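One structure is given here, and the rest of the page talks about it.
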Amino acid sequence: MTMPTDPTKFRGMRPSAAHALAEIIDNVDEAADTGALVGKCDFVIELASAIAWQIEEGPGDAAELRELGLPATLAKSIAEAINKSRGYSSPSVDRLPGAGDETMIDVRLLSPDVTLEDLGLISGMLDVSNPAPARDQFNANYRHGGGWRPSDKFTLGDDDSLGYPGDEPLHPLAEITFRDERVLIYESDFVAVILPDRSFEVCRVD
């Protein structure tokens, strides 16, 4: 006999929403009721439909749920519950899919206080199957923020800290190795693309 899903594992959800989702996950053999999610939770239709589809078809995909607005820990717990109920194994939480491709982007967190949720959708803007350099991919995928518009006022320290006139240095929170480029993510959503010769560009990608 399968133990019922514990709704308390869905951290960040209201209790009524967590119970509604647990009930749906525990009844994956039945048609997933998207309307139940929408009616009892604060989800938008697109997110509710994605969860319902994962319950019906599997596997649970935390990266997809993060892209639709769920916090990383909550997306992970939902995907794990769906996968457990369907007998799938869950993907690693520190690897994100490239935009539009199954190739995985490796994200190395550089601080114990940083989570993937803190990085937002930055890593999802890169696709290693696309031959374009990182700056061009950011420019194409960050249209809502004006594209990749680097500032020439930053300096890059030997320890990869970012200097800006009048401000304290910023230290990287995470690093993505993107072919021969390094992509460093800092506080306040600043992103640096560093080439092998240490030339670099910095843009705020919020």
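The values are calculated or read from the model by the stated rules, or taken from the named source; none is laboratory data. Just so you know, these numbers come straight off a predicted model, no measurement behind them. Glycine also receives a Cβ, built like all others from the backbone with ideal geometry; neighbour counts cover every protein chain displayed. All accessible areas refer to the heavy atoms of the entire protein, side chains included, with ligands and DNA or RNA removed. Shrake-Rupley method; radii C 1.70, N 1.55, O 1.52, S 1.80 Å.
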Using a Förster distance of 30 Å, the FRET efficiency for Lys84-Glu46 (Cβ separation, nearest 0.05): 0.80
Heavy-atom surface of the range 138-189, accessible at 1.4 Å and reported per residue (Å²): 57 Å²
Nearest-0.05 FRET efficiency for Met3 and Ser188, computed from C-beta distance (R0 45 Å): 0.55
Calculated FRET efficiency for the pair Glu57/Leu121, C-beta based, R₀ 22 Å, to 0.05: 0.40
Theoretical gain in end-to-end length, His171 to Ser151 [0.36 nm per residue, Cα-Cα removed]: 5.5 nm
At q = 0.17, 0.23, 0.25 Å⁻¹, base-10 log of I(q)/I(0) for the range 126-206 (Debye sum, equal scatterers on each alpha carbon): -0.64, -1.17, -1.35
